[in-house]
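Asker: This structure is in structure tokens; I'll ask about it shortly.
The values are calculated or read from the model by the stated rules, or taken from the named source; none is laboratory data. Keep in mind that what you see is a predicted model, and the values were worked out from it rather than measured. Surface areas here come from the heavy atoms of the whole protein model, side chains and all, with no ligands, DNA or RNA. Shrake-Rupley method; radii C 1.70, N 1.55, O 1.52, S 1.80 Å.
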Amino acid sequence: MRHHILAKYNQEVKPEQKDQLADDILHLFENTKSIPGIHQVEVHKNCINRENRYDILIVIEMDQAALEEYDRCEWHKQWKEEYGKLLEKKAIFDCE
């Protein structure tokens, strides 16, 4: 399964901060690969700067059974606590 997190930063995040944020987010989510059933993590930055675009896409390839442990893990909680305040909106999409 691929777990997608599509996020748009709020206006407090300046364009010059976005590259560093993407690196930090990748580093954070790389830790989730220690959870059994999580295989790969990717972070993609948007390359078009328009108001109607999202800024970042996080893709986690995992076994469906790993989702519950991922939801409870410290890195997922850290993502929500530290980065949630920087987001205007996000969407979650899971697919095979």
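Asker: Apply the a/c threshold of 1.5 to the C-alpha gyration tensor of the chain and tell me whether it is rounded, prolate or oblate.
Answerer: Prolate.
Asker: Accessible area per residue of the chain at 1.4 Å probe, in Å²?
Answerer: It amounts to 64 Å² per residue over the chain.
Asker: By how many nm would the segment from Q17 to H4 lengthen if fully extended, with 0.36 nm per residue of separation less the alpha-carbon distance?
Answerer: That works out to 2.5 nm of additional length.
Asker: Okay, next question. Can you bin every Cα-Cα distance in region 6-62 into 10 Å intervals starting at zero and give me the percent of pairs per bin, rounded to whole numbers?
Answerer: 22, 49, 22, 6
Asker: Once neighbouring chains are kept in place and the probe is 1.4 Å, which whole percent of the accessible area of the chain is contributed by carbon and sulfur?
Answerer: Accessible surface attributable to carbon and sulfur in the chain totals 46 percent.
Asker: Moving on to the next point. Taking θ = phi - 60°, what integer Hz values does the Karplus form 6.51 cos²θ - 1.76 cosθ + 1.60 yield along region 9-24, in sequence order, with x for Gly and Pro?
Answerer: Once rounded to whole Hz, the list reads 5, 7, 6, 5, 7, 7, x, 6, 8, 5, 5, 5, 4, 4, 4, 5.
Asker: Before anything else, pin down the relative contact order of the chain: Cα pairs under 8 Å, at least 6 apart, normalised by residue count, whole percent.
Answerer: 49
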